[in-house]
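The next block holds one structure in the form of structure tokens; read it before the comments.
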């Protein structure tokens, strides 16, 4: 009776009939294995840590990030390193401060701030602070206008009409 599936039958021709682990031919049991691996590992890669970085101020930026935002990833390091090539570290740290104040502690939010400043040609801390003040002022005006937009201020010279029905209840 033939069965479908399962492991095929073991061949025993040319093999020991003793219990062994796996199949071993008689002649291979007596010969030792010889390793002929002649590969030589020539690893010439140098590990680059943030400490060895050539970008000025990267250590200060990373320290601020880790103290105020969280553990920085290698992607985050490369992003901040790219911005430090174009702008001073004080500006990058200020952008991170803005992210912490807004409670938006992500590298994407920091990138957004830095990209906006870059588009506006802001490249000093003083310019960034002026822009921040301008942004806060505009935000406050919009908030004030949106509150007033829903309500129309009415001026009344005479409020007697409010009391027009007062005499009707007593009669």
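The values are calculated or read from the model by the stated rules, or taken from the named source; none is laboratory data. Keep in mind that this is a model prediction, so the values were computed, not measured. All Cβ positions, glycine included, derive from the backbone under ideal geometry; neighbour counts span all protein chains shown.
Residue-by-condition table, conditions (1) surrounded by 14 or more Cβ atoms within 10 Å (Cβ to Cβ); (2) on the phi < 0 side of the Ramachandran plot; (3) in a helix (DSSP H, G or I); (4) modelled with pLDDT under 95:
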| residue | (1), (2), (3), (4) |
| --- | --- |
| 64 | yes, yes, yes, yes |
| 67 | no, yes, yes, yes |
| 71 | no, yes, no, yes |
| 79 | yes, yes, yes, yes |
| 90 | yes, yes, yes, yes |
| 94 | yes, yes, yes, yes |
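Can you report the number of residues in region 108-117 which are surrounded by fewer than 19 Cβ atoms within 10 Å (Cβ to Cβ) and under 11 Å from the mean Cα position of the chain (by Cα)? Don't jump to the end; show me each part of the working.
From region 108-117, those surrounded by fewer than 19 Cβ atoms within 10 Å (Cβ to Cβ) are 108-109, 111-112, 115-116; that's our starting set.
The next check asks that each one be under 11 Å from the mean Cα position of the chain (by Cα); those that pass are 108-109, 111.
Adding up the residues that qualify gives 3.
Restricting to region 106-152, count the residues that are part of a loop (DSSP other than H, G, I, E, B) and at pLDDT 85 or above. Give the derivation first.
Residues of region 106-152 part of a loop (DSSP other than H, G, I, E, B): 106, 120-124, 150-152.
Subset that is at pLDDT 85 or above: 106, 120-124.
Matching residues across region 106-152 total 6.
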- Item | Flag if residue 98 is surrounded by 10 or more Cβ atoms within 10 Å (Cβ to Cβ), touching a helix residue (DSSP H, G or I) at 6+ places or on another chain (Cβ under 6 Å), more than 19 Å from residue 58 (Cβ to Cβ) and at pLDDT 90 or above | yes
